[in-house]
Structure formats: C-alpha cells, structure tokens
1. Kindly evaluate residue 161 against the criterion of being within 17 Å of the chain's Cα centre (by Cα), surrounded by 12 or more Cβ atoms within 10 Å (Cβ to Cβ) and in contact (Cβ under 8 Å) with a residue 60 or more places away in the chain.
2. Please verify whether the range 75-84 includes one or more residues that are outside the structural domain of residue 174 (by TED's automatic domain parsing), within 32 Å of the chain's Cα centre (by Cα), closer than 23 Å to residue 144 by Cβ and in contact (Cβ under 8 Å) with a residue 40 or more places away in the chain.
3. Those residues that are surrounded by fewer than 17 Cβ atoms within 10 Å (Cβ to Cβ) and in contact with a helix residue (DSSP H, G or I) (Cβ under 8 Å, 6 or more places away or on another chain), I need them from the range 34-78; list them, please.
4. Restricting to the range 237-250, what's the tally of residues that are modelled with pLDDT under 95 and buried (at least 23 other Cβ atoms within 10 Å of the Cβ)?
5. Identify all residues within the range 312-324 that are surrounded by 11 or more Cβ atoms within 10 Å (Cβ to Cβ) and either out of contact with any helix residue (DSSP H, G or I) (no Cβ under 6 Å at 6 or more places or on another chain) or at pLDDT 85 or above (or both); write none if there are none.
6. Which fully enclosed helices (runs of 4 or more DSSP H) of the range 326-398 have 2 or more residues being at pLDDT 90 or above, surrounded by 13 or more Cβ atoms within 10 Å (Cβ to Cβ) and over 27 Å from the mean Cα position of the chain (by Cα)?
7. Is it fair to say residue 180 is surrounded by fewer than 13 Cβ atoms within 10 Å (Cβ to Cβ) and either part of a strand (DSSP E or B) or not assigned by TED's automatic domain parsing to the domain that holds residue 445 (or both)?
8. Please go through the range 1-26 and pick out each residue that is surrounded by fewer than 17 Cβ atoms within 10 Å (Cβ to Cβ) and not in a loop (DSSP other than H, G, I, E, B).
C-alpha cells in the first residue's frame, strides 16, 4: 500500500496498522520540519537517543526550502547519518519500525525516510561456556545479528564473503542471515537453502536457530543424530566458511548453524588447533576413545558379565562378586536416569550452588546408594567413565544422540543378551548409514565413501601448511 501525500491520511493508516495509541512503547511524534507538518514513528528502547537528538535539532532548525525534491534535500544535505533510505509503502515502514528503525513522513510528500539509528540491548561477546579453550580468542557470538557478522568479517576480509539477509516468520519476521564465501561454497547448496527458507510457513521462530533447523531438515523422529553443527565461536564459523561451508545466523541467538555437517565434524574442537599438532592429535584421540566408551562400554560390560564362562582368565576380574538386590541391568538404567536428572538439575541451579549440587549428586548419593544395596561399586565406576566420555564430546547435540543410542543398546542387551547387543549395533549402524547430511551426501564421509586424505585429516591434527598443500 502506497503512502499518501496528505499526512493526516498517513497517520490514520499508521494508527490502524500499529498500536500507536495503545502500546506505550510504539511512539508517534508530531514535529515541524521546514514549515511542513511531519510525523516520526519509532519503538521506544531501540532508538539511539543522542543520534536522534542531533538529527532532530538539525531538521527542526530548517527554514522552508520549497516543495521540489524536499525529501532528497533532507537526505543529502541535512541528515549527516550513514544508514538512511527512502520508502513509499506502508509495509516497508511497518517492517522497518518493528525492527527498530525510525520512520519519518512529511506532509505533501509521497515518500518518507527510514533512519536506521537503532541500538539493541546486548551483552558482551564473552567466551561461550560450551566451547572454552585453554589458549586462543576469548570472544563469542551474541544475540545481535549485526555484531555476529562483524565478528566473522573481522576474521575474513575477503570480498567474496557474502551475508544475505532473509526474513522468516509471519508474525516474528525474524532476521536470518545466510553467510558463505562465493568462490568456495557450493552455489547449488546456497540456492537450495534459499529455496527452503522461502518455503517456510510459520508464525515465528520461537527457539531461533533450533526451530529453523527443524523446519529446514525433515527427518524421522527416531533418528537423534544432528545434521547441522552449532557453534558460538566466531573463529570456528570463520574456519568452516573457509572450508566451503555455509553459516546460517538467526537474530536473537548466539548460536550459528554450520552445514553441511557429517559425523566427524562433531568430533573436532577448536582446542585441537590451538595446540601443537602432536598434542592436538593426542587430545583428539583421547576424545575419540572417550566417545567410543560412552557408547559401548556399559552394554559391552553387561554382556561380558552375562557370559563370564566365555571370558579368558586375564578378564575373569570383570563383574561384581555380588550383584545386589537390584539386577545389574536395572542398576544401569537407574544410573542413566540419575545422571540425566543431575544434569537437568544443574541447568536450573544458580552458579553459586552448582558446585554443591555436583558434590551431593556425585559423592553423597552414590555412596549411600552403594551402602544401602541399590548399586554395586562396579556399576557406579563404569557409569562415571561413561559420563566422562559423554561430557568430552564437543557437540552437546551429538553427545545426546550417543546417550540415546547407548540407552537403546543397553536395554536390548539387558533383555536379550548377545542377540540384543548384536541387534542394537546393527540398527545403530543402519541409522548412521542411511542418514544423509544436508547436501544429501553420506553422513559417514570421509569413512564411507572412503577418502583417505580427508580421513587422515580427521584422525590426525596435521600442521596447517600440510593441510593447505593437500587441498
């Protein structure tokens, strides 16, 4: 709908589209500029007071300059601010104002001005809790999309680095940015993402990037494997962009979606590259071992205990001398639920009490549970090892997938012993083999299909010059 030249008509339309008289934070301000009646519309709390004060002082001091190109003269000679543009439709005005910009309309003009002098409430770019490193940059992404693109562009000063802005959600109109390096990214994949974003039909992105992921990627409910990687570190985003990946940044969220992603992308951490190659390789292998243990250790130990007569003499120590009142299988299930309960409780516990919660959960409860006969010491020991392996997984989404697969394998092993263990491994393997990454390639690449050079870069932290030489 186009703007009218009569300012009163424009004001009436605006009051019917925006709650100017009903919502305290939607402000409509009548002013006079160059002896013309004008109307300023903005959201209280978003406008930069000092910038707007300076602009209004300049505009209100203007004398009449006639009616020829009045808007153009104001824009070019009187508003010495960077982000200013014209508009002639109410839809543009509405979207801009609700995003935080300031709209200015004048009597007798069929165009208005959008002054992007907004300032969102924002926290500092602190290091993210989930991705801490012992050495390296300490800045992290924040909830403001413009700050996040600036943190990334600070690291990649490439003219081919492109950030395309989209809007998703009928009501929320959430800003979504697709970032990629033109000559490195797969243009077909970029076009596919653009198509999927346009096809999204939803009221709002309630949970920001997580809601967007579920809307873009259709998968079976029983498959817990993540198909995009999330990070809150700008250096990790920059590294992936330079490898040809695509970053999706959602306003109001400090997490960035990186895609395409395969299983092995969830096993790497920035810490590997902030250490010497030998140390980085050692840390990576310790992590691999921890992740494998977190998946298979409990079901395998339970299977061996069920079949002690098949064990060689040097493994005869496996298994408790007394199983206790509760069967071992049920003990592990209770411990699994207990660990998850402790984790959930720690999320909702203030930082000042989290240490106390860890002591209560980890020491007092387990000690008394053993004394009263609920558990045997071996089950608590192995559960502790598995928990360490789970927490050593860099991606929390992938660690949760491992936890689900472990629980599934544990239940099958407890119920059907050898047949259950083998069946569980086969089903898990089939799910991994049939899962595809976002670009419809194998989730297990570079293992399947085998790419020896790429696989060696996954297994070993190689020096940067050597990686570049093999590209």
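1. No, not satisfied.
2. First pass over the range 75-84, keeping only residues outside the structural domain of residue 174 (by TED's automatic domain parsing): 75-84.
From the residues that got through so far, the ones that are within 32 Å of the chain's Cα centre (by Cα) too are 82-84.
From what is left, the residues that are closer than 23 Å to residue 144 by Cβ are 82-84.
Then keep just the ones that are in contact (Cβ under 8 Å) with a residue 40 or more places away in the chain; that gives none.
The answer is no; no qualifying residue exists.
3. Hits for the range 34-78 are 37, 58, 65, 78.
4. Residues flagged as modelled with pLDDT under 95 and buried (at least 23 other Cβ atoms within 10 Å of the Cβ) within the range 237-250 amount to 0.
5. Within the range 312-324, 315, 323, 324 qualify.
6. Numbers: elements: 328-347, 351-359, 365-371, 377-391.
Correct list: 328-347, 377-391.
7. no
8. 2, 8, 9, 12, 13, 15, 16, 17
The values are calculated or read from the model by the stated rules, or taken from the named source; none is laboratory data. This structure is a prediction, so every number in the text was calculated from the model and none was measured. Please note: Cβ atoms are built from the backbone with ideal geometry, for glycine as well, and neighbour counts cover all protein chains shown.
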